[in-house]
1. Which of the trypsin sites (Lys or Arg not before Pro) found in the stretch A:1-75 are loop residues per DSSP with 11 or fewer other Cβ atoms within 10 Å of their Cβ?
2. For A:T120, A:T23, what's the largest-to-smallest order of accessible area, 1.4 Å probe?
3. If amide hydrogens are placed 1.01 Å from N in the peptide plane, which non-local residues have theirs closer than 5 Å to the one on A:L175?
4. So what are the ³J(HN,Hα) numbers for the stretch A:116-127, from phi and the Karplus equation (6.51, -1.76, 1.60; θ = phi - 60°), rounded to whole Hz, Gly and Pro as x?
5. Give the residues of the stretch B:84-121 whose amide nitrogen is closer than 15 Å to a point set 7 Å from the Cα of B:A75 in the direction of its Cβ.
6. FRET efficiency for B:N159 and B:A313, Cβ-Cβ distance as r, R0 = 45 Å, nearest 0.05?
7. In deg cm²/dmol, rounded to 500, what helix-only [θ] at 222 nm does the protein assembly as shown give when every DSSP H run of at least 4 residues adds -39500 (n - 2.57) and the total is split over its residues?
8. Which of the trypsin sites (Lys or Arg not before Pro) found in the stretch B:45-147 are in a DSSP loop and have at most 13 neighbouring Cβ atoms, other than their own, within 10 Å?
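The values are calculated or read from the model by the stated rules, or taken from the named source; none is laboratory data. Quick caveat, the model's predicted, so the values are computed rather than measured. Every residue, glycine among them, receives a Cβ derived from its backbone with ideal geometry; neighbour counts consider all protein chains shown. Remember, those area values only see protein heavy atoms, side chains included, never the ligands or the DNA or RNA. Shrake-Rupley method; radii C 1.70, N 1.55, O 1.52, S 1.80 Å.
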Amino acid sequence: MNLAADDAILTADAIGKTFGRGTRANVAVQPTNVSFRRGRSIGIAGESGSGKSTLLRLLLGLEAPTAGAVRFEGMPIASLTRAEHRRYRATVQAVFQDPGGSLDPRLHIWQLITEPAWATGGLTRRSRRELAARLLHEVDLPERFADRLPHQLSGGERQRVAIARAVSSSPQLVLLDEPVTSLDVSVRGAIINLLADRGAELTYAVVSHDLTVIAHLTDELLIMYQGFVVERGPTDAILDAPRHPYSQALVAAVHDPLHDTGYDSDVPAGAGACPFINRCPFAMEQCVVMPDPVGQIHQVRCHLYSPDDGEDTTRGAPPLGSSDPIASTVNVTGAHQ
Amino acid sequence: MTASTTTSDVPAATAPGDPLLQISNLSVEASTSAGTVRLVDGLDFEMRRGEVRAIVGESGSGKSTVCLAILRLLAENARISSGTITFDGERIDDAREPALRQMRGRKIGIVFQDPLSALDPVRRIGPQLGEARRVHGLGSRGQVAGWVRETLGSLGFSNPARSARSFPNMLSGGMRQRVCVGIAFSAEPKLVIADEPTTALDVSLQGRLLRLLLARREASGTAVLLVSHDVAVVRAVADRVTVMFGGMALEEGPAADVFAAPGSPYTAALLASVPTMSPERRRARMSTIPVATVAPSPSGCPFAGRCRREVDACRQAPPPTVWLAPAHHVRCFNPERQP
Ligand SMILES: Nc1ncnc2c1ncn2[C@@H]1O[C@H](COP(=O)(O)OP(=O)(O)OP(=O)(O)O)[C@@H](O)[C@H]1O
Ligand SMILES: Nc1ncnc2c1ncn2[C@@H]1O[C@H](COP(=O)(O)OP(=O)(O)OP(=O)(O)O)[C@@H](O)[C@H]1O
Ligand code: SF4
Ligand SMILES: [Mg+2]
Ligand SMILES: [Mg+2]
């Protein structure tokens, strides 16, 4: 597909979110631009608490931004008319991080799984049951689950119900917050394949700490750390050659869960500093001021890179020699033994 | 390695080295509108003090049900239909509610699979995290508050004081999950049952949490029953592993042996599905275990229909136990390898 650049489903201009005020203010998301164009799925990875779910909630209009605005068809979502809002709801669907908690415990699975499609209208009760059966089948669940309640399913089964539900009404954009965390590798593979197959009609925003999921489903990747997008660019470029020291640690740890980044620190960064400063093995004097992004297509916010570095995305390791502990363990190509 | 326990609270029958948890022939059934279904079928295993045992297996294979059965927290429509569970020298499969309440939290810490709904939404994090210590008299008010801040710090919270004052909905998914892990260990239990405790964590925090868990085992001999779909995690921390499919433990043995040379065709197929990140595989389809063309027969092996080593017998009777090594067995008619 070759689509015009202005073919955006949803755009966010400098959206940010701060919870609380004064000394208690907590900047969950620093002002960020995101634009979803048809067929260009975006992955979001980053540490726990870095603002990934908050960013999705802003895009869904579940949280009001404290900076910037989310636009649907060019209009800020806060000022959509009723009809526009209904269209926005039908266009954008989501699977939340807590699939158990987001399914109404009193409804049966066949009702839950067809809810968005039912809400958009045009279904008889009979065709609704048929749709339920088909959707269950798509996510490898037996038809007899249709008459169960959510708590009678396992964690991974609920997660699959939530995914089937989100794609059931043919939306254009689906926001997935840790969609496959409770699934074993085989079922996970089946679900990722299903989502990838629908990738021609659907565009995704995928939050996942599992980089293999992001690698499969997304074209562009944002790496977040404490509210900041510290790196963004084509997914492959980042996974092949992560530039930010945090991204490098993230990629390096993929095959080694006990991987000790060796610089865990709980000391919070000072105001205005790079938030990674106290954990970063390369921290320098300049790092007490958060740098601006460097680069166009592949951007990084880190003082190790200067604007004259250009777009050389193949150069992953910071300029520190080959004995650098992180660079030497970056091994995205290493197969599982 | 068997960690020592203070002898005073060890009943005479359980000298160190005796099993802490013993499950034999455990079956769990549930009644549904479509009749009775068997969720767990004839499960056996033992855990020693300080041991880390992992349960891996297919989504829906009964892993959480096993955890809930041990804690006696099965859903209303489900019950233990046969077998015994012995914990710390006492039968708990038929214990009464007051004794069970004593046991939960204090002797057995729990991390539920749905950590996001496990916290009380209207109470602040600090008091919830410190509650078990306060209730069980493990320190004064001030000491507990100090312990809470210290624990939040060690769980990777960059601002422990702020997080302690927060309500659960003000924390991210991974933060809540870490709080739940802290609660599970808070009363210094003998066993922690952790159902998918690292699902919401990025790899660097996950590593930190796992190292913390191993440190607790070293320091106080806490045994851990870890349910995880993450093969890399299990490989890194577990001493022994149980592989479940369709309610049955199809393989049981030392983690290193099971992963190096799986004996059950299901384990082998599961390991073969572990994705790699190699650039040429990234956009390729993920490998999966093909779905069954014919449903397995209820009396046969649950993996029949999807198994590439299936023989005629597999649909006729429950698979027999085959010992591959003194502490490693599979249930299979046609294992990947012979003893
Ligand atoms: N209360 C219940 N009534 C009927 N069936 C149930 C009940 N609870 C669980 N089940 C079924 O029992 C099977 C085992 O569920 P369990 O939650 O133990 O799976 P699990 O191995 O933990 O899976 P997951 O990895 O997806 O969490 C599932 O197929 C589930 O649908
Ligand atoms: N309702 C709220 N009130 C106050 N603070 C909040 C609220 N919701 C989130 N936060 C804070 O915003 C920050 C980002 O949270 P968010 O849930 O977006 O993180 P996340 O990246 O999704 O993390 P995880 O991977 O652990 O789910 C955290 O510091 C969290 O404490
Ligand atoms: S018993 Fe038969 S179907 Fe089951 S795992 Fe063994 S060979 Fe496969
Ligand atoms: Mg989140
Ligand atoms: Mg479970």
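1. Here the trypsin sites (Lys or Arg not before Pro) that fit, given the DSSP loop and packing criteria, are A:R21.
2. Ranking A:T120, A:T23 by accessible area, largest first, yields A:T23, A:T120.
3. A:Q93, A:A94, A:V95, A:A205
4. Using θ = phi - 60°, the values come out as x, 5, 5, 5, 6, x, x, 10, 7, 4, 5, 5 Hz.
5. Label zone hits: B:113-114.
6. So the FRET efficiency works out to roughly 0.15.
7. Result for the protein assembly as shown: -8500 deg cm²/dmol, rounded to the nearest 500.
8. B:R96, B:R123
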